[in-house]
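Below you'll find the structure, written out as structure tokens, and then a few comments.
The values are calculated or read from the model by the stated rules, or taken from the named source; none is laboratory data. Just so we're clear, the structure is a prediction, and the values are computed from it rather than from any experiment. Every residue, glycine as well, gets a Cβ built from its backbone with ideal geometry; the counts of neighbours run over all protein chains shown. These accessible areas exclude ligands, DNA and RNA; they are computed on the full protein's heavy atoms, side chains included. Shrake-Rupley method; radii C 1.70, N 1.55, O 1.52, S 1.80 Å.
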Amino acid sequence: MIVPLPADGGEYIGVRIQASGPWRAWLHPPQHIPVLKSRLNSRGPYVFRYTGGPATLMLRQHGSGALRLHELTEAFETGLPLYTGNGTCNGQTRLTGPILIRVRSSGNWHLTLQ
């Protein structure tokens, strides 16, 4: 799971984690956000960068729950919606160029560039 932590410009950031079992957390600067090169598969929330030119992003989710992709602003705030689906679904969205994207999902999802 990869999620953004918007910074307020201060020296410190507060993080609260609740879990019923073991967990780990790593904080990384924005330049370490994973880059989508051709395909990406994961489960649950995720953040990634796309650094190429115009392309079509094919999306697939298996399972229940919503699949939402949103653009993230430079301040890591939710921007424009790129795709919304529910349950087992297939879809696509157009990428116009470099972008930071947040995936919200509770299922297994697959992204492929075309």
- request: Go through the range 49-65 residue by residue and tally those that are within 14 Å of the chain's Cα centre (by Cα) and open to solvent by less than 30 Å² (accessible area, probe 1.4 Å).
  value: 4
task: Count, please, the residues in the range 28-39 that happen to be closer than 18 Å to residue 92 by Cα and open to solvent by 30 Å² or more (accessible area, probe 1.4 Å).
output: 3
query: Which one of the conditions (1) more than 22 Å from residue 29 (Cβ to Cβ); (2) of a type outside the set (Ser, Thr, Tyr); (3) open to solvent by less than 50 Å² (accessible area, probe 1.4 Å) does residue 81 fail to meet, given that it meets all the rest?
result: (3)
task: Among the numbered conditions (1) under 14 Å from the mean Cα position of the chain (by Cα); (2) closer than 27 Å to residue 29 by Cα; (3) among the hydrophobic types (A, V, I, L, M, F, W, C); (4) open to solvent by less than 80 Å² (accessible area, probe 1.4 Å), tell me where residue 113 comes up short.
output: (1)
- request: Of the conditions (1) modelled with pLDDT of 90 or more; (2) exposed (fewer than 14 other Cβ atoms within 10 Å of the Cβ), residue 25 clears all except one; give me its number.
  value: (1)
- request: Please state which one of 13, 17, 2 is open to solvent by 50 Å² or more (accessible area, probe 1.4 Å), modelled with pLDDT under 75 and over 20 Å from residue 70 (Cα atoms).
  value: 13
field: Members of the range 64-114 found to be in a loop (DSSP other than H, G, I, E, B), hydroxyl-bearing (Ser, Thr, Tyr) and modelled with pLDDT of 95 or more, listed by number
entry: 88, 96
query: Of the residues 32, 62, which single one is of a type outside the set (A, V, I, L, M, F, W, C) and under 18 Å from residue 4 (Cβ atoms)?
result: 32
- line: Among (1) out of contact with any Phe, Trp or Tyr (no Cβ under 9 Å at 6 or more places or on another chain); (2) among the aromatic types (Phe, Trp, Tyr); (3) surrounded by 11 or more Cβ atoms within 10 Å (Cβ to Cβ), residue 46 falls short only on (1)
